[in-house]
1. Do the conditions hold for L552, that is, is it closer than 21 Å to V638 by Cα, among the hydrophobic types (A, V, I, L, M, F, W, C), in contact with a helix residue (DSSP H, G or I) (Cβ under 7 Å, 6 or more places away or on another chain) and within 16 Å of ligand 1 (Cβ to nearest atom)?
2. Of everything in region 531-583 that's of a type in the set (S, T, Y), touching a strand residue (DSSP E or B) at 6+ places or on another chain (Cβ under 9 Å) and touching a residue at least 60 places away in the same chain (Cβ under 8 Å), which residue is nearest to ligand 2 (Cβ to nearest atom)?
3. Considering V566, V536, which residue is more than 16 Å from ligand 1 (Cβ to nearest atom) and aliphatic (A, V, I, L, M)?
4. Name the single residue, out of those in region 510-530 being surrounded by fewer than 24 Cβ atoms within 10 Å (Cβ to Cβ) and not charged (D, E, K, R), that is farthest from ligand 1 (Cβ to nearest atom).
5. Go through (1) in contact (Cβ under 8 Å) with a residue 60 or more places away in the chain; (2) within 16 Å of ligand 2 (Cβ to nearest atom); (3) acidic (D, E) and name the single condition D605 misses.
6. Does K639 count as in contact with a Leu (Cβ under 9 Å, 6 or more places away or on another chain) and basic (K, R)?
7. Restricted to region 142-158, and to residues that are surrounded by fewer than 22 Cβ atoms within 10 Å (Cβ to Cβ) and among the β-branched types (V, I, T), which residue is nearest to ligand 2 (Cβ to nearest atom)?
8. Checking R388 against (1) charged (D, E, K, R); (2) exposed (fewer than 13 other Cβ atoms within 10 Å of the Cβ); (3) not in a helix (DSSP H, G or I), which single condition isn't satisfied?
Amino acid sequence: MPKTPTLAQLDRRRFLKGVAIGGAAVGLAGTADAQTSPNPTAAEPQKAASPTATQLAAETGHPAELPPLTTKKTGSDFMVDVVKTLGINYMAACPGSTFRALQESFINYGGNTKPEWLTCLHEEASVGMAHGYAKVAGKPMAAMVHGTVGLQHASMAIYNAWCDRVPIVVFTASAGPVEERRPGVEWMHTVQDGAALTRDFTKWDDYPWSLQSFAESTVRAYALATTAPMAPVVLVADGKLQEEPLHPEEEAKLKIPKLAANMQPAGDPNAVREAAKLLVAAENPMIIADRYARTEKGMGLLVKLAELLQAPVVDVRSRMNFPTNHPLNNSERKGALVSQADVILALEAVDLYGQLNRMRDQLERVTFPTAKPNAKVISITAHDLLVRANYQDFQRYQPADLPITGDAEATMPELLEAVQKELSDARKTALAARGQKLADATKGLLDRARGEAAYGWDASPISSARMYMELWNQIKSEDWALVSATNFSSDWPFRLWAMDKPYRYIGGAGGAGVGYQQVASTGAALAHRDIGGRLVVSVTGDGELNMSPGVLWTAAHHKIPLLTIVQNNRAYHQEWMHLQRMANRHNRALDTAWIGTTIDNPNIDYAKIAQGYGMFAIGPVSDPKELGPALQKAIAVVKGGEPALIDVVMQPR
Ligand SMILES: Cc1ncc(C[n+]2csc(CCOP(=O)(O)OP(=O)(O)O)c2C)c(N)n1
Ligand SMILES: [Mg+2]
């Protein structure tokens, strides 16, 4: 509970002082309009007179038009009781009056702890933070978004999390019945079916019409969100339910159901045994791991399987599935492996078709299979348990020879046991020889990558390889985590660094919705902050950062230690390349493709932006020699518990 006056109180106090001096309209005091942006430290005069009793009453008392509550508790307080049973640590939100009672309850009744309120400057940031957080914490946090308009802002971030199979508890709100809605804005922010907007890409939603149903639906929503396939859920908190008093006799009838963590769905044991037989007998098996490692156990289980089978692993890099420095990591040899494989085990392959086929992006779109026609495909995934009709994130239909419906990580212990049973000593010896060959095939890869990284080493703008190597030099002796996707920078970390622990990487947006990176990185850094001891780094595109720069302030305000490197290629480079491709196809000039795709003239000064949001920042850095010292300074800030940003002017990829 706050012991000092709140910012709003301080501001009202200042306002009242102002009107005493200037003789402004006193009638405004105490209304919401009077509360302009406060900055108590800067604006409080040094010898200010203490407020009179009347002034104090005006700033802390109940506004006259509100009848006093007849009970100690409100519906929104009970809602807080419900949320507190779930062990949610944070609630990210941009405020909105549809949930004003709930927010007040979380802060005052709930003591602003478990969950603690995080101030976000955009609803997409609230949900995006929760997205990144869940992938590190292994459990959801919550976001609260204003009725209608807040959910509209949040919807892309919800879609990203849906595609990425990440649980988030999203609360939104709505005014009560017609006769009780304030005329005007409250109607604009009320919707008959509050969660309809996002229903196509959430696992479940509800608009509970009683406090009892709020309790049951919230616990149900949490349980559903955290059962694979995981996904966001949306709950609408009715305005009337929030704001009504809760009488003790009513409260006595309410029951909050206990949250029992669901077991994750594992594949059918008979099918798993069949898979083990195929894998052990195979001459050239391979494992493709996509959105597989759901917890920190996933990587270790997959290492065991690969070693038992002496089979190569291709990590699709949507999660940290397999150590890059393991001799069986053959991610860079995917093409060759798929074309030679007789048995392919796909783990949570989001796009099984895409793993086994290729399409040429030309005027005539030609597809051709990359796997042998008689290769046996085993697919273990929970994906089929959650498919919707409208959004096409389910990808092209690709039959498997042995489709096992179940969460791949939850199925892994059973598969390991079955493989162990199948393996005779003679087979083990034969497989060891295969493992040696596979290890040999990847031996030169690191050196080759280093050779490639040396191209343009001293170039300005700075090459992405140089940036990642300068960064690696500074973080390799730390316990680090990279929380940004690598596919827009040639996957250098996977090729040059030792990505050796489950928390080194968390994949990307899922739905490829730009606006994910910086907000998700901030949420991920928050989860890492709670775990402690890790240096968290994000490389964020300039286009990405511009979608939600306000999250820099959230990181500064809540002291979330995160090193952000802006991969500033002064463009939406991905789209620039698309335009060039089209111009090429249409047989027209290539040199106009910058129109509408570059972000320069004027150049944006990201360090200034970050500083403006209250963050330590350096840049623009375009001389590669300056990068090392800049990193050193920024890392010191981050290790001190604050976020920092470096704007690095870089080559496109
Ligand atoms: C919401 C949204 N808008 C637009 C796009 C199209 N898009 C894909 S990549 C990209 C460029 C992003 O810019 P940046 O982060 O700077 O990456 P760069 O390609 O420049 O490395 C855009 C605009 C998208 N995927 N999502
Ligand atoms: Mg860019």
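Values in this text are rule-based calculations from the coordinates and carry no lab data. Keep in mind that this is a model prediction, so the values were computed, not measured. Because the Cβ atoms are built from the backbone with ideal geometry, glycine has one as well, and the counts that use them run over all protein chains shown.
1. On the way: closer than 21 Å to V638 by Cα: yes; among the hydrophobic types (A, V, I, L, M, F, W, C): yes; in contact with a helix residue (DSSP H, G or I) (Cβ under 7 Å, 6 or more places away or on another chain): yes; within 16 Å of ligand 1 (Cβ to nearest atom): yes.
When the stated conditions are applied, L552 passes them.
2. Across region 531-583, the extreme among qualifying residues is T564.
3. Working: V566 fails: more than 16 Å from ligand 1 (Cβ to nearest atom).
Criteria check complete, one pass: V536.
4. Taking region 510-530 first, the residues surrounded by fewer than 24 Cβ atoms within 10 Å (Cβ to Cβ) are 510-515, 529-530.
Among the residues that remain, those that are also not charged (D, E, K, R) are: 510-515.
Values: G510: 12, G511: 9, A512: 5, G513: 5, V514: 4, G515: 6 Å.
For region 510-530, the residue satisfying everything is G510.
5. Condition not satisfied by D605: (1).
6. yes
7. The qualifying residue nearest to ligand 2 (Cβ to nearest atom) is V149.
8. (2)
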